[in-house]
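Report on the following structure.
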Amino acid sequence: MLNIIKSKLNTTYKKKGLNDSSIAIYNRDVIPAVRNWKSSIYAYNKNAINLIPIKSKYVMKLIKAYFNLYHLQLESLLRKNRLRRRFRKISTSRIFISDGEFKHTNDKVNITLYVYNKQKLNFLLKLKKRYLTLFKKAKFARKLKLIKNVGLNILCKHQQKSILLSNLLPKYNTQVNTAQNIYYSRFIKKSFKRLRFYMYYKQMLYINKAKFENTYLQGLVSLVKNIFNKNVEFNIINLKYFYFNSKIFTQPLELKLKKKRNVLRYLKVLIRKAKIKNVKLADKSKKFFNFNIFNSDNFLQLDNTKSKYLKKIILSNLKYKRVSGVRLEAAGRLTRRFSASRSQRRTKYKGNLENVYSSFKGYPTPVLRGNDKANLQYTVINSTSRVGAFGVKGWVSST
C-alpha cells in the first residue's frame, strides 16, 4: 500500500517556477464570466443587485435608441419619394448592436458592445459608385469650364433683356430682378446637382462617425450614470462581418419580415453572405508550447521576427476564432394574407454547429449558462407585424 502511494507521489505534477524551460502548459478554455452569465456582478451591498436586470434592460433600450438616431430632413433630400417614418424605422441601413455585456463593481460598470455599422458601408458604396468619378481632375475641370461658359452666355442675354424691360416698364424693376435671381439659382442647382448630393452623403457620414466619438457619447454616459449610480465605461467593438454575432445576424431578417413576406428569399440571401471555411485542426501535441518565451527578460529583447513568431503561437492556441456554421429559423405568421393566415416554419443553415474540439477531438470543453455550448451563440427575437406575431432564431458556431 505504501509503495503505491509513493509511486503516485513521484508521478504527480509538482509546481515548478515559471522560468523553468522544461515546463509545458496546455491551452485551457478560460471563458470570461461576462459571457458565462451575460453580466458579472461584484458588490458588497446585496440589495443593490436586485434591480440590475431591469436597469440593464432600460440601458440597452437607451443605447439602441441613441445609435438609431437619424436626420429625417437630410435623408429626405436624398430621395425622390417621400421618406415615411415607419419605413425608416424598419430599414436595414442602420448600426446593428448586440446585447450588452455588463461587468459591475462597486463604483464602476463596464459595458461591452459589438457593433456592425451597415449604414456607413451603404453610404460609402453609393459615394464610390455615383460620385467619386465626378472628382477626377480632367472630367471635373471640363465640367466647370462648360458651366462657366453657359452661365456667362445666359447672363449676357438676360442683362440685355432686363435693360429693355426696365426701359419699357420702369415700375417693375424689382420683379424683373427677382425673376432673374430665381432663374440663376435654378441653373446653379441643376449644374451642381451631383456635387450637392455628394455633400449630403458626406454630411450623413459625419453624423454616423460622430455617434462613436466621446463628445457625443458623453450625453449617453451621463444618462446611464443616473440609472446605475456608478461610473460608466463603454467598450465598443466594430465587427468586420455581421455574422460574427448571432444577435446582429438575426436582426436584418426580423426587420425584412416586418416589411415584406419573402421568407425563403431573405433566408437564402443571409445564409449565402456567411463565409465559412473548413479548418483542419492541429494535433493535440501541437497545442503545447514552452512558457519560457514570456519571461520579462526575453520579452524586452524580442526582435521583429521573434514577435511575429510569438503572435503565431498565441493565435494558434486561441480557440473559437473562425466561424464554422450558421443557422437561421423563422416561425409564426409569415404568409402574405391579412386574414386567417397560418403559421409557418422555415429554416436554412450552412456549415456545422457541433463543437469540433469535444465531439471529434475529445478535448474537455466547458458549458455556459447550464446547457449552452462554449462554441455556440444563440438568440431569439420575437416580433409582430400587421398579419400577426412571428419569431426569429439564430445560431453561430465557431472553431
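Values in this text are rule-based calculations from the coordinates and carry no lab data. Note that the structure is a prediction, hence the values are computed from the model and not measured. Neighbour counts run over all protein chains shown; Cβ positions are idealised from the backbone, glycine included.
When the C-alpha to C-alpha distance is required to be over 29 Å, the pairs from Lys89/Lys321; Lys89/Lys209; Lys108/Lys277; Lys260/Lys350; Lys64/Lys202; Lys103/Lys211 that qualify are Lys89/Lys321; Lys108/Lys277. On full extension, the segment bounded by Asn68 and Asn214 gains 50.8 nm, given 0.36 nm per residue less the C-alpha separation. Say a paramagnetic label sat at a point 7 Å from the Cα of Glu354, along Cα to Cβ; which residues of the stretch 306-339 have their backbone N under 17 Å from it? 324-327, by backbone N distance to the label point.
Taking a sphere under 12 Å around the Cβ of Leu239 and counting the other residues whose Cβ falls inside, with K and R at +1 and D and E at -1, yields a net charge of +3.
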